[in-house]
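The values are calculated or read from the model by the stated rules, or taken from the named source; none is laboratory data. Predicted, not measured: the structure shown is a model, and the values here were computed from it. Here Cβ is always computed from backbone atoms with ideal geometry, including for glycine, and neighbour counts include all displayed protein chains.
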Amino acid sequence: MTECTKCDREAVMHAAYSGSHLCETHFCASVEKRVRRRIREDDLVPGDATPEDPETWVIGLSGGKDSVVLTTILDDIFEQDPRIEMVALTIHEGIEGYRDESVDACVELAEDLDMRHELVTYEDEFGVRMDDVVEDDPEGMAACAYCGVFRRDLLESYADEFGADKLLTGHNLDDEAQTALMNFLEGDVRQMAKHFDASIGSFDEREEQDAFIPRAKPLRDVPEKEVALYCHLQNLPAHITECPHSSEAYRGEIQRLLFDLEENHPGTRHSIMAGYEELAGIVAERYRDDGTKADLHECDECGSTTTTGGRCRKCDLLAALEAV
Ligand SMILES: [Zn+2]
Ligand SMILES: [Zn+2]
(Lines give C-alpha, C1' and ligand atoms only; values in the text may rest on other atoms or scores of the structure.)
(Ligands and ions follow the chains in the order given, each with its own letter.)
Protein backbone atom coordinates (compact mmCIF):
# COMPACT_ATOMS: atom_id res chain seq x y z
CA MET A 1 0.00 0.00 0.00
CA THR A 2 1.08 3.54 -0.71
CA GLU A 3 0.77 5.90 2.22
CA CYS A 4 -0.82 9.34 2.08
CA THR A 5 1.73 12.15 1.82
CA LYS A 6 -0.01 13.95 4.71
CA CYS A 7 -0.95 11.13 7.09
CA ASP A 8 -0.41 7.38 7.46
CA ARG A 9 -3.65 6.24 5.84
CA GLU A 10 -3.78 4.46 2.49
CA ALA A 11 -3.58 6.75 -0.55
CA VAL A 12 -6.52 6.64 -2.98
CA MET A 13 -4.86 8.74 -5.63
CA HIS A 14 -1.51 9.87 -6.98
CA ALA A 15 -1.15 13.25 -8.66
CA ALA A 16 1.89 12.96 -10.92
CA TYR A 17 1.89 16.74 -11.53
CA SER A 18 2.45 17.48 -7.83
CA GLY A 19 4.05 14.22 -6.73
CA SER A 20 1.58 13.80 -3.87
CA HIS A 21 -0.27 10.67 -2.81
CA LEU A 22 -3.45 11.39 -0.90
CA CYS A 23 -5.88 9.41 1.24
CA GLU A 24 -9.62 9.88 0.81
CA THR A 25 -9.87 12.59 3.48
CA HIS A 26 -6.88 14.59 2.31
CA PHE A 27 -7.81 14.21 -1.36
CA CYS A 28 -11.34 15.53 -0.84
CA ALA A 29 -10.00 18.37 1.29
CA SER A 30 -7.52 19.27 -1.43
CA VAL A 31 -10.25 19.47 -4.09
CA GLU A 32 -12.36 21.72 -1.85
CA LYS A 33 -9.33 23.85 -1.05
CA ARG A 34 -8.60 24.42 -4.73
CA VAL A 35 -12.19 25.54 -5.34
CA ARG A 36 -12.07 27.95 -2.39
CA ARG A 37 -8.78 29.37 -3.61
CA ARG A 38 -10.14 29.83 -7.13
CA ILE A 39 -13.21 31.64 -5.77
CA ARG A 40 -10.92 33.93 -3.78
CA GLU A 41 -8.42 34.55 -6.58
CA ASP A 42 -11.15 35.23 -9.12
CA ASP A 43 -12.84 37.68 -6.68
CA LEU A 44 -16.15 35.89 -7.09
CA VAL A 45 -17.67 37.33 -3.95
CA PRO A 46 -17.80 41.10 -4.42
CA GLY A 47 -17.02 43.35 -1.49
CA ASP A 48 -20.41 45.05 -1.68
CA ALA A 49 -22.52 41.89 -1.35
CA THR A 50 -24.49 42.02 1.90
CA PRO A 51 -27.22 39.89 3.49
CA GLU A 52 -29.66 42.72 2.62
CA ASP A 53 -28.45 42.91 -0.96
CA PRO A 54 -27.14 39.42 -1.76
CA GLU A 55 -25.57 38.19 -4.97
CA THR A 56 -27.50 35.66 -7.01
CA TRP A 57 -25.51 32.83 -8.54
CA VAL A 58 -27.13 30.61 -11.12
CA ILE A 59 -25.35 27.25 -11.39
CA GLY A 60 -25.65 25.30 -14.62
CA LEU A 61 -26.52 21.83 -13.31
CA SER A 62 -26.53 19.16 -16.02
CA GLY A 63 -26.40 16.13 -13.73
CA GLY A 64 -22.96 15.13 -15.00
CA LYS A 65 -20.09 14.74 -12.52
CA ASP A 66 -18.62 18.21 -13.06
CA SER A 67 -21.73 20.25 -12.34
CA VAL A 68 -22.79 17.91 -9.52
CA VAL A 69 -19.44 18.29 -7.78
CA LEU A 70 -19.44 22.07 -8.34
CA THR A 71 -22.95 22.47 -6.94
CA THR A 72 -22.14 20.32 -3.90
CA ILE A 73 -18.94 22.18 -3.03
CA LEU A 74 -20.53 25.61 -3.57
CA ASP A 75 -23.41 24.61 -1.32
CA ASP A 76 -20.93 23.47 1.31
CA ILE A 77 -19.06 26.78 1.18
CA PHE A 78 -21.96 29.22 0.90
CA GLU A 79 -24.97 27.47 2.43
CA GLN A 80 -24.65 29.53 5.61
CA ASP A 81 -23.52 32.71 3.84
CA PRO A 82 -26.44 35.16 3.51
CA ARG A 83 -24.50 37.23 0.96
CA ILE A 84 -24.92 34.56 -1.72
CA GLU A 85 -28.15 33.08 -3.08
CA MET A 86 -27.86 30.03 -5.29
CA VAL A 87 -30.20 28.65 -7.94
CA ALA A 88 -29.48 25.44 -9.85
CA LEU A 89 -30.61 25.54 -13.48
CA THR A 90 -31.06 22.34 -15.51
CA ILE A 91 -31.70 22.24 -19.23
CA HIS A 92 -33.41 19.27 -20.86
CA GLU A 93 -32.36 19.09 -24.52
CA GLY A 94 -34.83 16.40 -25.49
CA ILE A 95 -32.42 13.48 -25.64
CA GLU A 96 -34.34 10.33 -24.86
CA GLY A 97 -32.99 8.26 -21.97
CA TYR A 98 -29.74 10.17 -21.54
CA ARG A 99 -31.13 13.45 -20.27
CA ASP A 100 -34.07 11.91 -18.43
CA GLU A 101 -31.64 10.05 -16.15
CA SER A 102 -29.42 13.03 -15.58
CA VAL A 103 -32.42 15.21 -14.73
CA ASP A 104 -33.28 12.66 -12.03
CA ALA A 105 -29.75 13.09 -10.66
CA CYS A 106 -30.23 16.89 -10.61
CA VAL A 107 -33.55 16.67 -8.80
CA GLU A 108 -32.08 14.29 -6.22
CA LEU A 109 -29.06 16.51 -5.62
CA ALA A 110 -31.11 19.71 -5.29
CA GLU A 111 -33.36 17.94 -2.77
CA ASP A 112 -30.38 16.65 -0.81
CA LEU A 113 -28.89 20.14 -0.66
CA ASP A 114 -32.22 21.88 -0.21
CA MET A 115 -31.33 24.20 -3.08
CA ARG A 116 -33.74 26.01 -5.39
CA HIS A 117 -33.85 24.07 -8.68
CA GLU A 118 -35.29 25.15 -12.04
CA LEU A 119 -35.78 22.93 -15.08
CA VAL A 120 -36.28 24.25 -18.62
CA THR A 121 -36.59 22.28 -21.83
CA TYR A 122 -35.79 22.92 -25.50
CA GLU A 123 -39.21 21.53 -26.28
CA ASP A 124 -41.12 24.05 -24.15
CA GLU A 125 -38.87 26.96 -25.08
CA PHE A 126 -38.17 26.35 -28.76
CA GLY A 127 -40.53 23.53 -29.75
CA VAL A 128 -37.60 21.29 -30.70
CA ARG A 129 -35.97 18.19 -29.27
CA MET A 130 -32.30 17.39 -29.93
CA ASP A 131 -33.22 13.86 -31.03
CA ASP A 132 -35.25 15.41 -33.90
CA VAL A 133 -32.70 18.13 -34.61
CA VAL A 134 -30.08 15.41 -35.21
CA GLU A 135 -32.46 13.66 -37.63
CA ASP A 136 -33.32 16.80 -39.62
CA ASP A 137 -29.90 18.51 -39.48
CA PRO A 138 -30.76 21.35 -41.93
CA GLU A 139 -27.34 22.99 -41.63
CA GLY A 140 -25.25 19.82 -41.95
CA MET A 141 -23.61 20.44 -38.58
CA ALA A 142 -22.55 18.32 -35.61
CA ALA A 143 -25.25 17.90 -32.96
CA CYS A 144 -23.16 19.82 -30.42
CA ALA A 145 -23.11 22.87 -32.69
CA TYR A 146 -26.92 23.22 -32.55
CA CYS A 147 -27.10 22.19 -28.92
CA GLY A 148 -24.44 24.69 -27.85
CA VAL A 149 -26.33 27.61 -29.41
CA PHE A 150 -29.62 26.60 -27.78
CA ARG A 151 -28.03 25.90 -24.40
CA ARG A 152 -26.18 29.23 -24.29
CA ASP A 153 -29.37 31.07 -25.19
CA LEU A 154 -31.38 29.40 -22.40
CA LEU A 155 -28.65 29.70 -19.79
CA GLU A 156 -28.33 33.38 -20.58
CA SER A 157 -32.06 34.18 -20.70
CA TYR A 158 -32.98 32.20 -17.59
CA ALA A 159 -30.00 33.41 -15.60
CA ASP A 160 -31.24 36.89 -16.51
CA GLU A 161 -34.80 36.05 -15.49
CA PHE A 162 -33.60 34.79 -12.10
CA GLY A 163 -31.68 38.01 -11.59
CA ALA A 164 -28.30 36.31 -11.75
CA ASP A 165 -25.19 38.33 -11.02
CA LYS A 166 -23.07 35.41 -12.14
CA LEU A 167 -23.51 32.21 -14.06
CA LEU A 168 -21.35 29.36 -12.77
CA THR A 169 -20.46 26.27 -14.76
CA GLY A 170 -18.57 23.07 -13.95
CA HIS A 171 -15.75 23.28 -16.50
CA ASN A 172 -12.68 21.42 -15.17
CA LEU A 173 -8.95 21.78 -15.88
CA ASP A 174 -9.05 19.38 -18.83
CA ASP A 175 -11.97 21.26 -20.47
CA GLU A 176 -10.19 24.58 -20.14
CA ALA A 177 -6.79 23.30 -21.29
CA GLN A 178 -8.49 21.77 -24.36
CA THR A 179 -10.21 25.06 -25.19
CA ALA A 180 -6.96 26.98 -24.69
CA LEU A 181 -5.04 24.64 -26.98
CA MET A 182 -7.79 24.77 -29.60
CA ASN A 183 -7.65 28.56 -29.61
CA PHE A 184 -3.87 28.41 -30.04
CA LEU A 185 -3.98 25.85 -32.84
CA GLU A 186 -6.73 27.73 -34.65
CA GLY A 187 -4.74 30.94 -34.22
CA ASP A 188 -7.83 32.57 -32.78
CA VAL A 189 -6.37 35.38 -30.69
CA ARG A 190 -9.65 37.30 -30.52
CA GLN A 191 -11.31 34.20 -29.10
CA MET A 192 -8.63 34.10 -26.37
CA ALA A 193 -9.48 37.66 -25.38
CA LYS A 194 -13.18 36.80 -25.33
CA HIS A 195 -12.54 33.65 -23.28
CA PHE A 196 -10.68 35.75 -20.72
CA ASP A 197 -13.32 38.43 -20.33
CA ALA A 198 -16.21 35.95 -20.45
CA SER A 199 -15.10 33.37 -17.94
CA ILE A 200 -11.51 32.83 -16.88
CA GLY A 201 -9.99 36.07 -15.68
CA SER A 202 -10.35 37.38 -12.16
CA PHE A 203 -13.33 39.71 -11.75
CA ASP A 204 -10.86 42.43 -10.85
CA GLU A 205 -9.15 42.27 -14.22
CA ARG A 206 -12.02 41.45 -16.51
CA GLU A 207 -14.08 43.92 -18.39
CA GLU A 208 -17.65 42.82 -18.08
CA GLN A 209 -19.94 43.18 -21.05
CA ASP A 210 -23.15 44.68 -19.78
CA ALA A 211 -25.31 42.65 -22.13
CA PHE A 212 -23.97 39.30 -20.91
CA ILE A 213 -24.09 37.73 -17.47
CA PRO A 214 -20.52 37.12 -16.35
CA ARG A 215 -19.47 33.50 -16.03
CA ALA A 216 -17.25 31.78 -13.56
CA LYS A 217 -15.68 28.34 -13.48
CA PRO A 218 -14.57 27.55 -9.93
CA LEU A 219 -13.59 23.94 -10.84
CA ARG A 220 -11.12 25.00 -13.48
CA ASP A 221 -8.05 24.04 -11.43
CA VAL A 222 -9.22 20.48 -10.82
CA PRO A 223 -8.39 17.76 -13.39
CA GLU A 224 -11.31 15.80 -14.79
CA LYS A 225 -10.13 12.50 -13.27
CA GLU A 226 -10.08 14.09 -9.82
CA VAL A 227 -13.58 15.51 -10.25
CA ALA A 228 -14.76 12.00 -11.11
CA LEU A 229 -12.96 10.51 -8.10
CA TYR A 230 -14.38 13.15 -5.76
CA CYS A 231 -17.87 12.45 -7.09
CA HIS A 232 -17.40 8.73 -6.50
CA LEU A 233 -15.88 9.04 -3.01
CA GLN A 234 -18.60 11.44 -1.86
CA ASN A 235 -21.24 9.17 -3.30
CA LEU A 236 -22.90 12.03 -5.20
CA PRO A 237 -25.83 11.39 -7.52
CA ALA A 238 -24.29 11.96 -10.94
CA HIS A 239 -25.12 10.56 -14.32
CA ILE A 240 -21.92 9.37 -15.92
CA THR A 241 -22.61 8.21 -19.50
CA GLU A 242 -21.73 10.41 -22.44
CA CYS A 243 -24.30 12.14 -24.60
CA PRO A 244 -25.31 9.78 -27.45
CA HIS A 245 -25.08 12.62 -30.00
CA SER A 246 -21.66 13.79 -28.81
CA SER A 247 -19.39 14.25 -31.82
CA GLU A 248 -16.92 17.02 -31.20
CA ALA A 249 -14.26 15.36 -33.34
CA TYR A 250 -11.64 18.09 -33.08
CA ARG A 251 -11.95 18.41 -29.32
CA GLY A 252 -11.62 14.61 -29.06
CA GLU A 253 -8.34 14.78 -30.95
CA ILE A 254 -7.05 17.54 -28.67
CA GLN A 255 -8.16 15.55 -25.64
CA ARG A 256 -6.07 12.54 -26.72
CA LEU A 257 -3.10 14.78 -27.48
CA LEU A 258 -3.30 16.39 -24.05
CA PHE A 259 -3.70 13.03 -22.37
CA ASP A 260 -0.44 11.77 -23.93
CA LEU A 261 1.40 15.01 -23.15
CA GLU A 262 0.26 14.88 -19.52
CA GLU A 263 1.35 11.21 -19.23
CA ASN A 264 4.84 12.01 -20.48
CA HIS A 265 5.15 15.49 -18.97
CA PRO A 266 3.01 15.76 -15.82
CA GLY A 267 1.88 19.32 -15.20
CA THR A 268 1.32 20.17 -18.87
CA ARG A 269 -2.34 21.14 -18.36
CA HIS A 270 -1.45 23.44 -15.48
CA SER A 271 1.36 25.12 -17.40
CA ILE A 272 -0.80 25.56 -20.52
CA MET A 273 -3.44 27.31 -18.42
CA ALA A 274 -1.01 29.48 -16.48
CA GLY A 275 0.59 30.79 -19.67
CA TYR A 276 -2.68 31.01 -21.57
CA GLU A 277 -4.42 33.00 -18.88
CA GLU A 278 -1.62 35.53 -18.70
CA LEU A 279 -1.51 35.88 -22.46
CA ALA A 280 -5.30 36.05 -22.85
CA GLY A 281 -5.39 38.76 -20.18
CA ILE A 282 -2.84 40.87 -22.05
CA VAL A 283 -4.65 40.36 -25.34
CA ALA A 284 -8.03 41.21 -23.80
CA GLU A 285 -6.62 44.47 -22.48
CA ARG A 286 -5.04 45.30 -25.82
CA TYR A 287 -8.29 44.77 -27.71
CA ARG A 288 -10.17 46.93 -25.23
CA ASP A 289 -7.69 49.76 -25.80
CA ASP A 290 -8.01 49.34 -29.55
CA GLY A 291 -11.71 49.91 -29.25
CA THR A 292 -12.24 46.98 -31.60
CA LYS A 293 -14.63 45.18 -29.29
CA ALA A 294 -17.58 43.73 -31.16
CA ASP A 295 -20.72 45.86 -31.31
CA LEU A 296 -23.74 44.33 -29.67
CA HIS A 297 -27.23 44.35 -31.13
CA GLU A 298 -30.62 42.98 -30.22
CA CYS A 299 -32.01 40.12 -32.27
CA ASP A 300 -34.90 41.31 -34.47
CA GLU A 301 -36.94 38.29 -33.54
CA CYS A 302 -36.30 37.33 -29.92
CA GLY A 303 -34.47 40.34 -28.51
CA SER A 304 -31.49 38.42 -27.19
CA THR A 305 -28.04 39.90 -27.57
CA THR A 306 -26.15 39.25 -30.79
CA THR A 307 -22.86 40.45 -32.23
CA THR A 308 -24.02 40.24 -35.84
CA GLY A 309 -27.16 42.35 -35.96
CA GLY A 310 -30.39 41.17 -37.62
CA ARG A 311 -31.42 37.75 -36.42
CA CYS A 312 -29.46 35.85 -33.80
CA ARG A 313 -27.90 32.46 -34.45
CA LYS A 314 -30.51 30.65 -32.38
CA CYS A 315 -33.40 32.19 -34.37
CA ASP A 316 -31.56 31.34 -37.63
CA LEU A 317 -31.25 27.71 -36.58
CA LEU A 318 -34.86 27.52 -35.42
CA ALA A 319 -36.02 28.96 -38.76
CA ALA A 320 -33.90 26.40 -40.64
CA LEU A 321 -35.41 23.59 -38.56
CA GLU A 322 -38.89 24.94 -39.17
CA ALA A 323 -38.27 24.88 -42.92
CA VAL A 324 -37.37 21.16 -42.99
ZN1 LIG B 1 -4.15 11.56 4.48
ZN1 LIG C 1 -33.13 35.64 -31.74
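Here are the criteria: (1) more than 8 Å from ligand 1 (Cβ to nearest atom); (2) of a type outside the set (F, W, Y); (3) farther than 17 Å from L173 by Cα; (4) loosely packed, with under 15 Cβ neighbours inside 10 Å. Tell me which single one T25 does not satisfy.
Going through the list (1) more than 8 Å from ligand 1 (Cβ to nearest atom); (2) of a type outside the set (F, W, Y); (3) farther than 17 Å from L173 by Cα; (4) loosely packed, with under 15 Cβ neighbours inside 10 Å, T25 breaks only (1).
Taking region 19-61, which residues are in a loop (DSSP other than H, G, I, E, B) and touching a residue at least 24 places away in the same chain (Cβ under 8 Å)? First the steps, then the outcome.
We begin by selecting, within region 19-61, every residue in a loop (DSSP other than H, G, I, E, B); these are 19, 23, 42-54, 61.
Within region 19-61, D42, D43, L44, V45, P46, A49, T50, P51, P54, L61 qualify.
Residues of region 294-317 being near ligand 2 (Cβ under 10 Å from one of its atoms) and of a type in the set (S, T, N, Q), which ones?
S304, T305, T306, listed by residue number.
Quick check: is even one residue across region 45-56 touching a Gly at 6+ places or on another chain (Cβ under 9 Å) and closer than 30 Å to E123 by Cα? Please lay out each step first, then the result.
As a first pass, look at region 45-56 and keep what is touching a Gly at 6+ places or on another chain (Cβ under 9 Å): 56.
Retained after the next criterion (residues that are closer than 30 Å to E123 by Cα): 56.
Yes.
In contact (Cβ under 8 Å) with a residue 12 or more places away in the chain, within 24 Å of D137 (Cα to Cα), hydroxyl-bearing (S, T, Y) and assigned to a helix (DSSP H, G or I): is that true of Y276 in this structure?
In short, no.
What's the total number of residues in region 235-260 that are under 23 Å from L22 (Cβ atoms) and surrounded by 17 or more Cβ atoms within 10 Å (Cβ to Cβ)?
Start the filter on region 235-260 by keeping residues that are under 23 Å from L22 (Cβ atoms), which leaves 235-236, 238, 240, 258-259.
With surrounded by 17 or more Cβ atoms within 10 Å (Cβ to Cβ) added as a condition, the list becomes 236, 238, 258.
Residues meeting the conditions: 3.
Considering only region 28-48, state which residues are out of contact with any helix residue (DSSP H, G or I) (no Cβ under 7 Å at 6 or more places or on another chain) and either within 16 Å of ligand 2 (Cβ to nearest atom) or closer than 19 Å to K225 by Cα (or both).
A29, S30, K33, R34, R38
Being β-branched (V, I, T), in the same structural domain as E224 (by TED's automatic domain parsing), out of contact with any strand residue (DSSP E or B) (no Cβ under 8 Å at 6 or more places or on another chain) and part of a helix (DSSP H, G or I): is that true of V128 here? Spell out how you get there, then give the answer.
Working: β-branched (V, I, T): yes; in the same structural domain as E224 (by TED's automatic domain parsing): yes; out of contact with any strand residue (DSSP E or B) (no Cβ under 8 Å at 6 or more places or on another chain): yes; part of a helix (DSSP H, G or I): no.
When the stated conditions are applied, V128 does not pass them.
If I filter region 284-292 for residues that are under 30 Å from A105 (Cα atoms) and buried (at least 19 other Cβ atoms within 10 Å of the Cβ), do I get at least one hit?
No - not one qualifying residue is present in region 284-292.
Which residue pairs have Cβ atoms under 7 Å apart, sit 6 or more places apart or on different chains, and have a first residue in region 101-113 that is over 16 Å from D76 (Cα atoms) and a second that is small (G, A, S) and modelled with pLDDT under 95?
Pairs that qualify, where the first residue is over 16 Å from D76 (Cα atoms) and the partner is small (G, A, S) and modelled with pLDDT under 95, are S102/S62; S102/G63; S102/G64; V103/G63; A105/G63; A105/A238; C106/G63.
Select, from D295, D289, D260, D300, the only residue that is away from ligand 1 (no atom under 16 Å from the Cβ), closer than 25 Å to G187 by Cα and in a loop (DSSP other than H, G, I, E, B).
Of the residues listed, the single one that is away from ligand 1 (no atom under 16 Å from the Cβ), closer than 25 Å to G187 by Cα and in a loop (DSSP other than H, G, I, E, B) is D295.
Could you figure out which of (1) closer than 30 Å to R116 by Cβ; (2) crowded, with 19+ Cβ neighbours inside 10 Å; (3) within 16 Å of ligand 1 (Cβ to nearest atom) isn't true of E32?
(2) is the only condition that E32 fails.
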